[in-house]
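Notes follow the structure.
Here, each number is a calculation from the coordinates, and none is a lab measurement. What you see is a predicted model; the values in this text were computed from it and never measured. Positions of Cβ are backbone-derived with ideal geometry, glycine not excepted, and every protein chain shown enters the neighbour counts.
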Amino acid sequence: MKKNQSKVSIVIPTRNRLGSLTRTLASISKQTYLPSEVIIVDSSDSELIKEQLNAFLNLNLKILYSKPSVCLQRNIGIEWCDTEYIFLCDDDIEISENYIENLVNYLNENNSVVIVSGLVYEKRKQKWQYAEKKKSFLKLLYTYIFGLSVWTEIKQEDYSKNKLIQKFVSYFINKGNRIAKSGWPIVINYEAPCFKTPIYSLMASLVRAESIKKVLFDTAFYENGIGDNYDMLIGLNTNVDILKYQKVFHHEENTNRINNIQAYHYRISALHYIILKHKKFNLKNLIYLFWSLIGNSILFLIKGNLKLFVYNLRVIINIIFNQNIYSLEN
C-alpha cells in the first residue's frame, strides 16, 4: 500500500509522555497498513519537537499544540484530518502489526458500522487481562439490585447449578451488553470473533470521520478525559464493534494519571453530567443513578473506604440539588 492511498489519519493526544509515546509510535511504524498521517496534539510542559521523533521517518508526523485537555486535543486533531477514517489512539498503547489493516478491512466490509476496535488488555497482577475478575453470584445479584457497572465476562457454567441461580444468571446474560437504567455500562458478552457494546474505550479505535466530526468530544470533562468516551458514543448513538482477536495492550502510563479514588470522583460526576445532558436519559435514570450510588456507598462503608464514600455523598447531594461539577453550557 502506498502511503498516499491510505484512508486513515491517526490522532494522538499526549502530555509529558515522550517515552510512552515513542513506544506507541514504534508500534504504529510497524503496521502493515500505514496511515496517511499521524497527528500528535501535544500539551506537554516542554513542547514536543519533531527532532525527538526522528526514529519514525516512515510516518508522516505532524505535531500540533494545545492546552492540557484530552478532549480538546482530540478535537484539534480530528478537525485537521481529511481522510475517510480516523484512528483514535492513546499514547500508552501497543498494537499488533496487522491491527489497523484489519480494522480498515472491517469498516470497508461493514458499511453500517461507525466504530471498530480491538479488545483492550490491561495488566493486573503481572498478567494481561481483558475483563475484570469473575463476580460471585452474591456480588452479581448485588450489582443487579443496585444497577451497578459490570466489566466481567459472564458464562452460565461458571455458577452453581441451583435452578434459581441458573435462572437469574441466564436472565442477566440474555440482556446482553447494555447501559443500565442507572447509566452504568454493563459489558458481559465477549463473544468471538466480534461482539457489540454500547460503551467501550476508544483508545485504539477506528471511526468514520464524517460521523465523529459531527459530534466531537465534549471539552467540559476533566482534562484527563474521564467520561469522554461514554459521552461520545451516546452522542454518536451507535455501538462499538469489538474484534476479539485484535489485541490492544494498554500500559496505563503513570505520568499525568490521577489515583483511583480521584478518578472515581470524576467518573461518577461525569455520569451524572451525561444523564443530565442527553435526551436518551430522563428523571427515571437520575433516580436509578441515585439508587446505584447508595449501593456503592454501602460497599464503601463495609470496606472502610471513607474517601470514596464522601465522593459518593457529594454526587448524591448534587443530584438532590440539581447541580453538577460540569456545566451543561460548556
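Spacing of the modelled spin labels on Ala55 and Thr22, each 7 Å from Cα toward Cβ, amounts to 0.5 nm. The gain in end-to-end length when the Glu132 to Phe321 segment is fully stretched comes to 64.6 nm, 0.36 nm per residue minus the alpha carbon separation. One chain, two ends: Ser211 and Asn174. Fully extended at 0.36 nm per residue, the span grows by 10.3 nm beyond their Cα-Cα distance. Taking only alpha carbon atoms, the chain gives an Rg to Rh ratio of 0.97, where Rh is the Kirkwood radius. The peptide list 182-189, 51-58, put in order of mean Cβ contacts within 10 Å with the highest first, becomes 182-189, 51-58. Annotation: amide H of Ser44 within the under-5 Å range of Asn16, sequence separation 5 or more or interchain, hydrogens built in the peptide plane.
Counted residue by residue at 0.36 nm each, then reduced by the alpha carbon distance between them, the extension gain from Leu313 to Asp82 reaches 78.6 nm. Computed from the C-beta positions of Lys196 and Asn105, the FRET efficiency with R₀ = 22 Å rounds to 0.80.
Restricting segment 201-242 to trypsin sites (Lys or Arg not before Pro) that sit in a DSSP loop and have at most 13 other Cβ atoms within 10 Å of their own Cβ leaves Lys214. Between the alpha-carbon centres of segment 269-330 and segment 96-111 there is a gap of 38 Å.
For the chain, the Cβ-based charge dipole about the Cα centre amounts to some 1480 debye (Lys, Arg positive; Asp, Glu negative; other atoms uncharged). Per-residue Cβ neighbour counts within 10 Å put Tyr142, Tyr190, Tyr85 in the sequence Tyr142, Tyr190, Tyr85, beginning with the fewest. Sort segment 6-97 into rounded, prolate or oblate with this rule: let a ≥ b ≥ c be the square roots of the eigenvalues of the Cα gyration tensor; rounded if a/c is under 1.5, and if a/c is not under 1.5, prolate when a/b is larger than b/c, oblate otherwise. The shape class here is oblate. I need the Debye-formula profile for segment 131-183: one equal scatterer per C-alpha, no solvent, reported as log10 I(q)/I(0) at q = 0.12, 0.13, 0.32 1/Å, two decimals. Debye intensities relative to I(0), on a log10 scale: -0.24, -0.28, -1.62. Computed over all pairs of different Cα atoms, the Kirkwood value for the hydrodynamic radius of segment 260-320 is 11.7 Å. Over all pairs of different C-alpha atoms, segment 206-321 has a mean inverse distance whose reciprocal, the Kirkwood radius, equals 16.2 Å. For the chain, the longest principal axis of the C-alpha atoms and the axis of helix 283-303 are separated by about 80°. Taking the fewest neighbouring Cβ atoms within 10 Å as the starting point, the ordered list for Arg15, Arg178, Arg124 is Arg124, Arg178, Arg15.
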